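J.: Submitted below is the structure of interest, expressed as structure tokens.
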Amino acid sequence: MQSDFALRKAVKFILLTLVRKGELIHATWDEVDFKNKVWTIPAERMKAKRAHNVYLSEQVLDLIVAFQIYSEGSPYLLPGRTNRGKPIANSSINRVIDHCIKYINREKPLIDDFTVHDLRRTGSTLLHEMGFNSDWIEKSLAHEQQACELYITRLSTKLKDER
């Protein structure tokens, strides 16, 4: 099994940044700017096909330093177990979540199953409930509201025209 150390750190990284699992799995060292404390995910790896900046807190930078030690010269923040020239398997982080759920529910069911992506949704919900600016949250999640707003404007115009 993949190093528990790196995988636990990967889950914590996702909790702190709310990035998509695939964005972290394929992250490379040349994308991280330590001086400016920013990780730029290239457009070709983003769902919206636009580069995305993830601003790195001190806690996240500490995790990245731990990844450096673990990666042993790999181009990936989270290299594969048998081939350091490739990223970890897509299912690796899922297994950490599955093991946690099984451990928590070992004596009696306490929590329902959830996925890595559910962490993003939950983080977004909690930040909204805490009153953080919705635009900041959506931008941090790399959600572009422009497309939604454009759709609503077009739909509104169409409905007015039909009246």
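J.: Return the total of residues in region 39-71 being closer than 15 Å to residue 140 by Cα and among the β-branched types (Val, Ile, Thr).
T.: Going through region 39-71 one residue at a time, the tally reaches 4.
J.: Is there any pair with a first residue in region 102-125 that is farther than 17 Å from residue 16 by Cα and a second that is of a type in the set (Val, Ile, Thr) and not in a helix (DSSP H, G or I) whose Cβ atoms are under 9 Å apart and which are 6 or more apart or on different chains, and what are they?
T.: 104/111; 105/111
J.: Further question on the same structure: Determine whether residue 101 is modelled with pLDDT under 95, out of contact with any strand residue (DSSP E or B) (no Cβ under 9 Å at 6 or more places or on another chain), more than 13 Å from residue 9 (Cα to Cα) and surrounded by 15 or more Cβ atoms within 10 Å (Cβ to Cβ).
T.: So residue 101 passes the test.
J.: For region 62-111, which positions are part of a helix (DSSP H, G or I) and of a type in the set (Phe, Trp, Tyr)?
T.: 67, 70, 103
The values are calculated or read from the model by the stated rules, or taken from the named source; none is laboratory data. In this text the structure is predicted, and so the values were computed from the model without any measurement. Note: ideal-geometry Cβ built from the backbone for every residue, glycine included; neighbour counts use all protein chains shown.
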